[in-house]
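Below is one structure, written out as structure tokens, with a few remarks after it.
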Amino acid sequence: MTALEATGLGKRYRDTWALREVFLSVPRGRVVALVGPNGAGKTTLMRLAVGLHRPTTGHLRVFGAEPYGEALAQVAYVAQDKPLYDEFTVNEMLNVGRHLNPRFDLAGARDRLADLNIPGRARVHQLSGGQRAQLAITLAVAKRVDLIVLDEPLASLDPLARHEVMRGLMMAVAETGLTVLLSSHVVAELDEVCDHLVLLSRGRVQVAGDIEDILRAHRMLTGPAGMM
Ligand code: ATP
């Protein structure tokens with residue numbers, strides 16, 4: 001079964017078509033990068049995937065079901081302004097997660113944060129940008145969902161923090177078989193962690209497929225071999 005299947009998907013806000021005629025098929029267990037310039041429609045596609053918007057045209061199925069009601073129990077969304085409380089400690093954030101969700105994997109989340117050297121007694125506002133991203137991702141993974149949707153998890157991070165966040169994501173995917181959909185403005189470095197790439201521009205899919213194949217084709221066109 002595919003993780004995400006879009007058929008003729010479109011979304012209009014008043015007079016703006018944010019997405020148009022999108023056809024997509026994303027296999028499960030992959031890390032999928034959604035890239036494109038500002039206004040390309042990345043956030044809109046992610047919000048459709050987590051049931052925050054409804055399509056204007058077409059369908060988006062997540063693990064075979066429209067993402068409403070019970071199907072949403074399989075999905076976690078981390079918005080760009082991460083849903084963390086600055087005055088809470090890391091442990092308190094984990095307790096909130098458990099309080100809100102009986103399936104929350106408290107022990108697993110504690111282990112992950114220990115591996116990442118994020119102290120449970122630290123307050124959220126004391127964490128670096130990379131640690132905040134790691135905490136938000138850990139909270140999402142602990143929900144034991146099948147799909148995690150991350151809006152710009154690497155934004156405003158330095159290269160070391162980006163590398164650490166991507167390493168953390170790879171560990172989570174290897175441990176749980178999750179599917180991850182993340183958005184990014186930059187393609188560089190994504191091939192470290194992503195296996196599937198979807199390039200959006202002005203609401204349309206320009207390219208989608210295996211990231212290695214796409215980058216190889218891009219290098220052939222732009223590198224020395226392509227210039228011969
Ligand atoms: P960014 O990288 O800047 O976050 P994006 O690729 O995520 O951009 P979207 O936020 O999905 O793009 O926006 C796609 C288009 O839809 C843009 O033209 C945007 O102005 C418009 N849009 C997005 N949300 C709304 C809204 N709630 N009401 C009206 N127009 C919107």
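All of the numbers you see were taken from the coordinates with simple rules; none came from a lab. Predicted model only: the values in this text are computed from it and were never measured. Cβ sites come from the backbone with ideal geometry, for glycine too, and all protein chains shown count toward neighbours.
A few points about this structure:
- Highest to lowest packing among 62-69, 128-135, scored as the average C-beta count within 10 Å: 128-135, 62-69
- Overall Cα dimensions of region 1-110 - principal axes, largest extent first, Å: 44, 31, 24
- Extending 7 Å from the Cα toward the beta-carbon at both Gln80 and Thr56 defines two label points whose distance is 2.0 nm.
- Here the Gaussian network model covers the chain, with springs between Cα atoms less than 10 Å apart; of Pro55, Pro27, Pro83, Pro83 fluctuates the most.
- Efficiency of FRET between His218 and Asp115 - r from beta-carbon atoms, R0 35 angstrom, step 0.05: 0.55
- Within straight-line cross-link reach of Lys42, lysines at Cα separation under 23 Å, skipping those fewer than 8 residues along the same chain: Lys11, Lys82
- Length gained on full extension, Tyr13 to Leu72, computed as 0.36 nm times the residue gap minus the Cα-Cα distance: 18.9 nm.
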